[in-house]
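Asker: Starting off with a structure, shown below.
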Amino acid sequence: QIEEAACNEISNLDDMLLSSLNMFSNRLLPYMDEIPESKSVSDEGALVIQEDEKLLNFMTNPLVLKGLDEVNKYFTYDVNDSSSEGQGINAFLRSYVLNEERVLSIPGENLPITEGGVLFEGHDMLTESKILLGEVRVIGMDTFKSFSPIEIISNHTLATNFEIAQLIFELDLTIVIKPSTVSNTVVTTTSSTSIIEEKVTIRIGIEELKVTLTLLMAINLAELGKKNLGAFLHSGNILPCLLSSIHTFNVTQLDVSVSDISAPILDGFISVGIGRVISSMAKSIFDMYKGVILRAIPGLIANELPQMIPGMIEKFQNNESCSFLGDFGEQILVDFREMLSRPTQTLSNGLVPLKPPRYGDLSWRIKEYVDEYLLGSSKPNELPRINEMVIDPITKFLSTKTGSILVSDELSIKLIKLEQIGIDKIELNFTDTFVNNINTIGPPLRLLDIRANDGSVLENEFKIGIPAKQLELETNFIFNIASQFLQFSDEVKIKVALPSAHISLVLLAKIKSQYLMSMPIEGLTNVNCIFSMVTPESDVEKVTAAILELALSLPSVQMDVECLDCESDMLKVILELVSFLKSMSATEKMLQMSTDFAKDFVIGPSFQKMLDLQLKKSAALCPYHALFEQEFDDGNALSKLHFPSSILELLIISVDLALLSTVVIFSSISDSLDSSLQSRSLQNSFNTNLDVNLMSFLAYKDAVESFAKKQLGGELYDEFLGRKDLG
């Protein structure tokens with residue numbers, strides 16, 4: 001009976017093979033000359049958007065526009081070194097996508113053409129067969145001959161075209177054959193030794209692949225925002241998570257051409273004879289149909305691939321990896337040594353990051369990209385790329401001025417009815433205050449470097465400012481004064497320039513791993529949620545965020561003044577005052593005092609208290625934090641802050657300069673008074689009938705002391721007065 005069944009099965013092979021070839025041929029015929037008509041962007045008009053949905057608009061979102069611009073620059077720049085010839089996209093793929101052998105490996109179970117890695121299952125009266133797809137390897141993805149910049153052609157539509165020199169596909173198949181277990185089986189044995197398992201590798205290649213592609217990709221921001229940050233830290237999850245947030249995804253244009261296809265190679269059969277027979281059969285069939293396949297490929301791909309996409313999207317939408325948080329306890333803190341280090345890297349303290357990394361691979365890949373590319377420069381003596389690629393777009397987005405940060409639109413100080421000094425009103429306005437040329441960061445340059453003995457500490461160092469583009473504080477200063485003897489309004493532009501600044505900063509940040517990984521993506525748009533990642537503690541002795549060290553070097557300072565709208569001689573007065581201050585080395589003294597104060601303050605208890613309070617406040621204001629909506633009252637928490645003693649010197653010289661400025665300004669208008677008022681020795685002979693209010697410096701002194709005592713508080717004021725060493 002077994003012999004008869006086997007003979008029947010084998011005798012049918014010829015018919016099955018011919019039938020399969022005819023079916024294959026008929027399947028290709030419709031695509032020989034048929035190319036689907038491109039729909040361009042017409043599909044966008046058919047989008048149906050619900051009230052709770054918000055689609056990402058490529059044409060208006062500044063982050064998308066700038067990000068795409070930088071991607072295009074990076075992917076299309078010419079690479080001339082021997083390891084990354086061709087365009088930048090090849091270098092990118094080799095560094096961040098492909099493995100060390102320049103191969104992209106994809107587990108078969110992750111591909112939509114399989115069901116859990118199973119390609120085929122069959123069961124008849126003789127055998128139970130299964131074909132499993134183990135791994136697919138793509139070789140040659142880094143052989144782009146050309147890559148056109150990705151264009152935004154409509155709100156949700158992207159277009160590009162590219163050419164790849166060669167692609168080779170290797171598929172690892174496992175063929176399992178065992179005795180049939182159906183009710184009418186003719187096989188009675190169930191022994192495990194009767195199971196046949198063949199592991200086969202199929203290799204096939206294509207040459208000169210040219211693609212023109214247009215995609216309608218409507219991303220639902222509301223759905224994307226719900227995804228956990230932890231899922232996106234695993235690069236393999238990015239595409240599935242993005243696709244799971246897709247509202248609509250259509251290929252609106254797909255033109256493909258291939259110049260040649262290589263014959264398939266089969267390897268790995270246990271039985272040499274079976275391997276030789278099957279390989280010969282495959283080559284014969286390929287030689288017979290090669291021309292047909294080449295002609296049919298454009299139409300086949302253009303028709304079939306778009307129809308496969310809905311099923312692929314549906315599979316991704318059910319992908320549980322987007323909700324994966326990792327195995328973290330409630331109190332486990334983020335260890336930057338593990339998060340920012342390549343898994344194979346051994347740290348100086350001997351620790352080796354876990355495999356696979358609990359924090360995913362995206363963090364260390366970004367860190368390597370920053371260190372190797374952004375902190376480097378294209379040519380010797382040029383500024384690092386981080387200035388052009390990161391700082392320029394961010395500053396332009398925030399302040400509309402490339403390389404500048406807007407500190408304040410307007411800051412107004414008004415003093416009204418100062419009768420003690422004979423003034424009705426003084427008004428000081430600082431408008432359009434910018435810090436310019438922050439896009440001049442250069443070496444020595446370290447960003448987010450890990451410290452081997454502490455996983456919560458990050459070290460940073462950079463120099464900012466170059467001779468041609470000095471770090472600069474710029475503001476428009478409007479000075480209005482009204483009194484019985486003087487009235488004017490002047491506007492000048494003041495620029496304070498630092499030729500360079502060298503800054504070294506060591507940061508402490510204790511972040512709960514579970515909270516970081518579970519943070520929704522939309523939480524990253526909330527500044528409070530970002531700050532709240534650093535664990536706020538009720539115990540003041542437990543510091544969770546701090547500036548541990550600060551080294552600040554500011555060698556010199558320059559000041560320039562330009563009159564914009566002047567009614568008086570104020571510009572002349574200020575220039576004389578600046579010249580006088582320089583001659584007395586007062587500007588350098590103030591710069592040194594300011595530097596000392598900044599260093600003492602940011603590593604002192606007052607700044608730490610402010611930082612701790614901000615962390616608690618941010619946690620209370622973040623809707624994803626456990627403390628959200630709980631009562632939070634910072635009260636008068638900052639009222640008892642203790643400033644470092646270096647502020648005393650800074651305050652004293654600032655008061656001295658204010659007095660000096662007042663004397664110079666009022667001296668400049670002395671020609672409006674009687675010449676007999678010029679001499680202090682004539683003070684007693686003043687004409688008491690003079691219809692003016694004269695400034696009293698004693699009253700000014702009393703006013704300053706009263707103000708200082710009120711602002712500084714009794715203890716600090718007494719210390720202020722007790723500093724005999726200050727003179």
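Asker: Given the Cα-Cα distance of Glu51 and Asp565 and 0.36 nm per residue of separation, how much length would full extension add, in nm?
Answerer: Separation in residues times 0.36 nm, less the Cα-Cα distance, equals 179.8 nm.
Asker: Rank these by accessible area, largest first, 1.4 Å probe: Ile530, Ile204. Walk me through the numbers on the way to the answer.
Answerer: On the way: Ile530 80, Ile204 55 Å².
Ranking Ile530, Ile204 by accessible area, largest first, yields Ile530, Ile204.
Asker: What FRET efficiency, computed as 1/(1 + (r/R0)^6) with R0 = 22 Å and r the Cβ-Cβ distance, is obtained for Phe628 and Lys226, rounded to the nearest 0.05?
Answerer: In this case the efficiency is close to 0.85.
Asker: Just the accessible area for Tyr624, please: 1.4 Å probe, Å², rounded to the nearest 10?
Answerer: Rounded to the nearest 10, the figure is 80 Å².
Asker: Given H placed on each backbone N at 1.01 Å, which residues far from Leu333 in sequence or on other chains put an amide H within less than 5 Å of it?
Answerer: When sequence neighbours closer than 5 places are left aside, the close amide H contacts are Ser513.
Asker: So what does Lys290 come to for accessible area, using a 1.4 Å probe and Å² rounded to 10?
Answerer: Its accessible surface works out to 60 Å², give or take rounding.
Asker: Local charge sum around Leu119 (other residues, Cβ-Cβ under 12 Å, Lys/Arg +1, Asp/Glu -1)?
Answerer: -3
Asker: With all protein chains present, calculate the accessible area of Lys425 using a 1.4 Å probe and round the result to the nearest 10 Å².
Answerer: Solvent-accessible area, nearest 10 Å²: 80 Å².
Asker: If Lys and Arg each add +1 and Asp and Glu each add -1, what is the summed charge of the other residues whose beta carbon sits under 9 Å from the beta carbon of Val492? Don't skip to the answer; put the middle values down first.
Answerer: Numbers: positive: Lys493; negative: Asp490, Glu491, Glu562, Asp565.
Summing Lys/Arg as +1 and Asp/Glu as -1 gives -3.
Asker: Still on this structure, I have one more. For the range 86-180, what does the accessible surface come to per residue with a 1.4 Å probe? Please give it in Å².
Answerer: 46 Å²
Asker: Along Cα→Cβ, 7 Å out, is where each label goes; now give me the distance between the ones at Asp424 and Glu135 in nm to one decimal.
Answerer: 8.7 nm
Asker: Can you tally the net charge around Glu101? Count Lys and Arg as +1, Asp and Glu as -1, for every other residue whose Cβ sits under 14 Å from the Cβ of Glu101. Don't jump to the answer; show the numbers that get you there.
Answerer: On the way: positive: Arg94, Arg102, Arg137; negative: Glu100, Glu135, Asp142, Glu170.
Neighbour charge sum, excluding Glu101 itself: -1.
Asker: Another one. For Asp454 and Ser585, calculate 0.36 nm times their separation in residues minus their Cα-Cα distance, and state this gained length in nm to one decimal.
Answerer: 42.9 nm
Asker: Could you please put Thr433, Thr402, Thr212 in sequence from largest to smallest accessible area, using a 1.4 Å probe?
Answerer: Thr402, Thr212, Thr433
Asker: Quote the relative contact order of the range 444-510 in percent (integer), defining contacts as alpha-carbon pairs under 8 Å separated by 6+ residues.
Answerer: Normalised by residue count, the contact order of the range 444-510 is 38 percent.
The values are calculated or read from the model by the stated rules, or taken from the named source; none is laboratory data. None of the values given here were measured: they were computed from a predicted structure. Ideal geometry is used to build each Cβ from the backbone, glycine not excepted, and the neighbour counts take in all protein chains shown. Accessible surface areas use protein heavy atoms only, side chains included; no ligands, DNA or RNA. Shrake-Rupley method; radii C 1.70, N 1.55, O 1.52, S 1.80 Å.
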